[in-house]
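Every number here is computed from the coordinates shown, using simple stated rules; none is lab data. Given the structure is predicted, the values throughout are model-derived calculations rather than measurements. Cβ coordinates were reconstructed from backbone atoms using ideal geometry, including for glycine residues, and neighbour counts include every protein chain displayed.
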Amino acid sequence: MNNDLGGLGVRPATSQANPFESALYGAGPGLIRSGLGAYGEKFLGSSSEFMQSNITQYLSNPQYYFQVNSQYVRNKLKVILFPFLHRGHWTRITEPVGGRLSYKPPIQDINAPDLYIPLMAFGTYVVIAGYALGVLGRFTPEALTLQFTKGLLGWFLQVILIRVLLYTLGSGEAPLLDIVAYAGYGFAGTSLAMLVRVFWSPSYYFVLPWFSICTGVFLVKTMKRVLLGAPRSYERHPSRNHYFLLFLAVVQFPMLFWLGNISG
């Protein structure tokens, strides 16, 4: 009996399969999976190494900057506020970790940067500013917010200044948190000068210039250490480098006077 399906013939069950189609069907998924897997591992591995190296370079480990104790804080404040009395070296201490050299934490090295002192100094700066505004009879939430914003802006400008200075001198490898720490040390002297002003106003114009000089000397000594340890030699352009470092020291005068001015 002839079954007519409207002109549509039934495909024979024993039709010859395409050998290339069978080969692609059988081997294709495995090859694709293995190829994509190898490429993915290579891509993710390289991306992980890239991110890790860049995060380490520019942000470093935040916990490193808070490994401090009371002895470190006292000695570090002496170095910041009275750098002329510092008789030791200014270079950081290294130690082998995992087959490469790494810097010792602040608790073991007085020359290591930390974020504890800058943050505490900034907090003290805001508190003293609020107290000074109250003594002057000009305290308002808006005035305190303005002083807080001014402090953050001054800190940011210092970071930009040091970053540009290091980049101009061919040493742009310093981690970002190192620069943030160096830029925030100026709040220590500014806070003390503002506190002295509350009790004896004329002394402010003697104390703040002194702390401006000390902050400038501290930053110059520190930046010299960073530059000397950079891949590009500090001695290539010694006169130009000295001018830039002198500029960094001189800028501390208007910067700290501006931060120490109570607005309200």
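A few comments on the model shown:
- Between Leu152 and Ser102, the simple label model (points 7 Å from Cα in the Cβ direction) yields a spacing of 3.3 nm.
- Applying both filters, DSSP loop and at most 13 other Cβ atoms within 10 Å, to the trypsin sites (Lys or Arg not before Pro) of the range 59-89 gives Arg87.
- Compactness ratio for the range 61-260: Cα radius of gyration over 2.2 N^0.38 Å (N = residue count) comes to 1.06.
- Fully extended contour minus Cα-Cα distance, from Thr94 to Asn75, at 0.36 nm per residue: 4.9 nm
- Distance in nm between pseudo-label sites at Leu85 and Asn261 (7 Å out along the Cβ direction from Cα): 3.2 nm
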